[in-house]
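See structure below.
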Amino acid sequence: MTQLITPETASSRIEAMIKAAERDGAPIESMTFRNAAKIYALYQQRLREANAADFGDLLLWPTLALMNDNQYRRQWAGRFDVVLADEYQDVNYAQHCWLKAMASYCQRFFAVGDDDQSIYGWRGANVELIRRFTRDYPDAGEFRLEENFRSTAPARARRPPCG
C-alpha cells in the first residue's frame, strides 16, 4: 500500500525507488530524482523558516496527526455522525487517508463520484481509490446512476406552450 511521504522520508524513498528501478532494469534518470529530493528538502526548509505551508502540507500534516494521534483523531473525528466526500474520483492518497481517519469513529462514510470523470491525476488524484472503494469498505453499498438526468431530455418537453 502507498505510504504518505514526509519531507524527512522523501530522500530515502527516492533512493529506494531508484534501486528498485535499477533492479528491474527500468530506465531512470537517478540524478534528476536525487536533485529533486535535495530541492524538495530545501523548499521545505524555506517554508518552515517563513512559517508557511503549501497545499501538500495542508493535506499532509493534519492527515498524519489524525493517523498517528488517537486523542487528536477522537477530538476531530468524534464530532461527526457521517462523513461525506463528493468527487471521490479526484482524491489523492493523503485525502483518502484523511477521510478514512475522519470516518473512523462514526463508521458512516458516504462517497460520491464517477471514475469516468477523473480529471486531477496531474495533482496526484488516484482514480483507483474510488474503484476499490467497496474493497476498502466491505460494508459499503454501491448505487450506480446509469442515466444522466442533467443532460438527457425528458420524455415530455417541459416548455410552456407558445401563445
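General remarks:
- Ordered by the number of other Cβ atoms lying within 10 Å of each residue's own Cβ, fewest first, Thr9, Thr63, Thr32 fall into the sequence Thr32, Thr9, Thr63.
- Segment 9-15 - phi-based ³J(HN,Hα) in whole Hz, Karplus 6.51/-1.76/1.60, Gly and Pro as x: 9, 4, 4, 5, 5, 5, 4
- Phi angles across segment 20-28 convert, under the Karplus curve 6.51 cos²θ - 1.76 cosθ + 1.60 with θ = phi - 60°, into 3J(HN,Hα) values of 5, 5, 5, 4, 7, x, 8, x, 8 Hz, Gly and Pro given as x.
- Segment 89-112 residues near the modelled Met67 label - backbone nitrogen below 13 Å, point 7 Å along Cα→Cβ: 92-102
- Computed from the C-beta positions of Glu146 and Met31, the FRET efficiency with R₀ = 45 Å rounds to 0.35.
- For Ala111, residues with placed amide H under 5 Å, excluding near neighbours: Ala85
Rule-based calculations on the coordinates, nothing more; no lab input. As the structure is a computational prediction, the values presented were derived from the model and not from experiment. Every residue, glycine among them, receives a Cβ derived from its backbone with ideal geometry; neighbour counts consider all protein chains shown.
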